[in-house]
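Everything below concerns the one structure shown next.
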Amino acid sequence: MTGLVAGALVVGLDPVSRNWVTAAHAGGPFDAIPSLDGTLRTDAASLAAAADDFGHIVSRTPLAVLEPGSVGDIAKMVKFCRARGLKVAGRGQGHTTNGQSQVAGGLVIETAPLDGIRIRADRAVVGGGVLWGALVQAALAQGLTPPTLTDYLGLSVGGTLSAGGVGGAVIHHGAQVDNVLELQVVTGKGDVLRCSPTLRKDLFDAARSGLGQVGIITEAVVRLVPAPATVRRYNLYYGSVADLTAAQIAMAEDGRFDYLEGSLAVVEGGHTFMMEAVAFDATPADDAALIGDLTHTSVTIDDLTYWDFADRITPIVGILQAIGEWQRPHPWLDSIVAASAVDELVTAALPGLTPANIGLSAVLLLYPIPTAKVKAPLLRLGSAGEEHAFLFSLLRTSSPGSADPAAMTALNRAFYEQTRARGGGWYPIGSNPMSKADWKAHFGPAWPAFKAAKTKYDPSKILAPGQGVF
């Protein structure tokens with residue numbers, strides 16, 4: 001469609017530049033914008049939406065929001081902003097919790113319109129705005145699936161690849177960033193570049209888990225594997241953190257399950273400790289081999305279609321939306337805890353995991369990540385150098401009657417510092433404000449190459465300012 005600016009009277013084309021000019025922005029930062037296939041929005045509703053995210057804690061208002069009609073629109077507007085010293089933030093589903101996808105006084109670029117999906121044998125070519133749920137459905141139609149899925153499929157491909165993308169299949173396949181064959185990105189110079197392990201490897205390594213610092217992911221080639229028809233899920237309960245983590249490490253090394261996670265729950269009088277173990281296309285006849293030698297205290301077993309299992313969080317989200325919890329502030333923290341410290345640190349945290357400190361609908365996850373399975377250099381698993389790390393997710397909600405977001409964020413920071421002191425770190429999507437020194441320590445030995453890529457591909461440092469990395 002013809003490019004325009006929404007939310008302001010379009011005056012017409014400048015006779016010299018042939019660019020759209022609006023009455024609202026004549027003489028302002030967004031005067032004489034390039035001709036676009038999509039829409040540049042400046043109305044109050046669009047700006048307010050882009051000033052918010054899933055966390056509902058930080059708010060930064062941009063000057064404009066781009067709804068691109070093409071990748072070319074993104075390239076044009078990045079060049080436009082760079083020439084004028086304006087910051088740019090890419091935004092998929094805005095599922096950040098501390099303003100990471102926001103930008104004050106700059107441009108937010110929505111990637112949702114980049115929603116193409118093409119399935120080709122053992123891979124999918126997808127736009128950066130495609131939701132994982134849509135990709136799974138398209139792949140399943142051909143008997144395929146991405147190897148690793150996050151628990152919630154309502155996230156964009158570009159968004160999770162910018163962070164990492166971890167889930168229960170990491171024990172076999174690594175993270176989502178480890179299953180990308182090629183990327184197309186728009187760099188901070190406005191260049192549209194393709195990259196892979198053999199083409200611009202420095203860009204490929206800096207874009208995966210690079211938090212949007214070197215480019216906006218506009219397309220990804222994602223590996224696919226044969227999909228199971230069904231899953232048999234075993235929820236195995238243990239008496240302590242140590243019992244749970246010992247079972248998880250044993251099963252991660254054994255490899256008998258296709259998917260392995262775990263969770264804690266606050267119950268009257270204490271907590272429960274559960275290992276969620278899934279075997280693809282298993283039947284009751286497989287139970288003895290799968291769980292007969294495990295020393296759990298109790299177990300529940302159910303069977304689901306693969307799709308119902310993969311999309312299991314969507315119904316829960318609907319419930320949370322209905323009761324208002326989904327719309328409340330979410331000061332989340334996803335910690336990476338060294339295996340040698342996990343029992344001590346998580347057990348010590350248990351007394352503080354009360355409704356007052358985590359909210360009424362918090363989710364507490366705890367599951368192993370074999371460090372050798374994660375290859376992407378910027379997806380950091382701490383500094384301990386051990387065979388296993390653990391993802392410990394404190395997905396807090398600031399519910400009525402519980403602590404406010406600032407207090408919960410302070411608790412996050414305190415736990416992060418304890419974790420880092422013991423060789424761990426964090427998965428950087430949550431609410432844990434970081435200094436530049438913190439970021440340098442977080443990326444550790446990967447920092448020099450990351451910094452060099454930033455200088456090369458975003459020399460004006462206009463991309464993803466909400467992350468605070470550079």
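The values are calculated or read from the model by the stated rules, or taken from the named source; none is laboratory data. Everything numeric in this text was worked out from a predicted model, so none of it was measured. When we count neighbours, we look across all protein chains shown, and the Cβ atoms used for this are built from the backbone with ideal geometry, even at glycine. Side chains included, ligands, DNA and RNA excluded: accessible areas come from the protein's heavy atoms. Shrake-Rupley method; radii C 1.70, N 1.55, O 1.52, S 1.80 Å.
Ordering ILE429, ALA452, THR150 by Cα displacement along the dipole of the chain toward the positive end leaves ALA452 in first place; charges were set at the Cβ atoms of Lys, Arg (+1) and Asp, Glu (-1). With charges set only on the Cβ (+1 for Lys and Arg, -1 for Asp and Glu), what does the dipole of segment 163-211 come to about its Cα centre, in debye to the nearest 20? Rounded to the nearest 20 debye, it is 100 debye. Given the -39500 (n - 2.57) contribution per DSSP H run of 4+ residues, what per-residue ellipticity at 222 nm results for the chain, rounded to the nearest 500 deg cm²/dmol? Result for the chain: -8000 deg cm²/dmol, rounded to the nearest 500.
A Förster radius of 22 Å combined with the Cβ-Cβ distance from PHE470 to ALA104 puts the calculated FRET efficiency at roughly 0.85.
For segment 210-253, the residues whose amide N sits under 15 Å from a probe point set 7 Å from the Cα of THR295 along the beta carbon direction are 237-251.
Note on SER70/LEU199: beta-carbon distance plugged into 1/(1 + (r/R0)^6) with R0 of 25 Å gives a FRET efficiency of 0.65.
In the set [x] 41.5, 155; [y] 22.6, 79; [z] 22.3, 85, the label that goes with Rg and Dmax of the Cα atoms in Å computed for this structure is [y]. The stretch between GLU344 and LYS440, if pulled fully straight at 0.36 nm per residue, gains 31.9 nm over its current Cα-Cα span. Separation of the alpha carbons by more than 28 angstrom is noted, of LYS201/LYS440; LYS440/LYS461; LYS76/LYS375; LYS76/LYS436, for LYS76/LYS375; LYS76/LYS436.
Angle check, please: helix 241-254 long axis (alpha carbons) against the longest principal axis of the chain (alpha carbons), in degrees 0 to 90, nearest 10. Its long axis makes an angle of about 80 degrees. Which angle from 0 to 90°, rounded to the nearest 10, does the C-alpha axis of helix 447-457 make with the longest principal axis of the chain? Taking Cα atoms only, the helix is inclined about 30 degrees.
Counting only Cβ charges, +1 for Lys and Arg and -1 for Asp and Glu, the dipole size of segment 320-470 around its Cα centre is about 680 debye. Taking the DSSP bridge list for the chain and keeping only pairs wholly inside it, about 85 percent are antiparallel. When THR198, THR283, THR42 are compared by accessible surface with a 1.4 Å probe, the order from highest to lowest is THR198, THR283, THR42. With axes computed from alpha carbons, what is the tilt in degrees of helix 313-323 against the longest principal axis of the chain, rounded to the nearest 10 within 0 to 90? Result, in degrees: 80. The simple Förster model, with R0 at 25 Å and r as the Cβ-Cβ distance, assigns ALA285 and THR305 a FRET efficiency of 0.85.
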